[in-house]
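Working notes, beginning with the structure itself.
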Amino acid sequence: MVWDLDGTLWSGARDGSEPTLHPAARGLIATLDERGIMQSVVRGGDAERAAVWLQRLGMAEFFLYPQMGVSAKSQGVRQIASALNIRLDATLLIDDEPREREEVARAHPEVRVLAPTVLERLANDPLMGRSLAAVEPRPRRLLY
């Protein structure tokens with residue numbers, strides 16, 4: 001799962017203020033991590049500032065191979081999938097911007113692309129799997 005940051009994972013950062021994590025994000029990220037779903041972030045803006053905010057929010061450890069400062073989200077999504085050695089059809093992007101979702105969908109029609117309105121119910125989506133805690137004693141992301 002690949003998260004957009006501004007307007008999706010958090011709000012407030014676009015105006016230069018300290019971001020506030022989306023209310024459903026922390027719990028969903030932890031749940032998906034427990035289920036062995038690898039997560040990353042893609043962002044077109046200031047990579048250094050975004051990395052600092054992820055640290056301050058206590059979320060940086062959950063994201064593998066973040067792609068920040070990329071010119072096109074589709075490029076970042078492809079780089080993440082390649083780094084994780086997963087197919088694009090096993091990739092989901094959550095982004096609040098319709099034009100960004102369209103750009104990724106046009107470049108990679110096999111990527112599932114959704115708006116953040118799904119965040120509160122995404123954990124119940126059958127594609128989001130079940131807990132691996134009984135099988136794998138530690139999060140899968142630690143293997144990367």
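The values are calculated or read from the model by the stated rules, or taken from the named source; none is laboratory data. Quantities reported herein were computed from a predicted structural model and do not represent experimental measurements. For neighbour counting, all protein chains shown are included, and Cβ atoms are generated from backbone atoms with ideal geometry for every residue, glycine included. With ligands, DNA and RNA removed, areas are computed over all heavy atoms of the protein, side chains included. Shrake-Rupley method; radii C 1.70, N 1.55, O 1.52, S 1.80 Å.
Amide H contacts for His22 (H built 1.01 Å from N in the peptide plane; partners 5 or more residues away or on another chain; cut-off under 5 Å): Trp10, Ser11.
Here each label is just a point 7 Å from Cα along the line to Cβ, and for Asp89 and Ala107 those points are 2.1 nm apart. The relative contact order of segment 1-75, computed from alpha carbon pairs under 8 Å that lie at least 6 residues apart in sequence, is 31 percent. Here the spin labels are modelled as points 7 Å beyond Cα on the Cα-Cβ line, and at Asp125 and Glu18 they lie 3.1 nm apart. For the chain, the Kirkwood estimate of the hydrodynamic radius, built from every pair of different alpha carbons, is 15.2 Å. Charge dipole of the chain (Cα centre as origin; +1 on each Lys and Arg Cβ, -1 on each Asp and Glu Cβ, all else neutral): 380 debye, rounded to the nearest 20. Take segment 27-77 with all the other protein chains still there, run a 1.4 Å probe, and you get 41 Å² of accessible area per residue. Working from label points 7 Å from Cα in the Cα-to-Cβ sense, the Ala30 to Glu61 distance is 1.2 nm. Carbon and sulfur: what percent of the chain's accessible surface (1.4 Å probe)? On the chain, the fraction of accessible area on carbon and sulfur atoms equals 49 percent.
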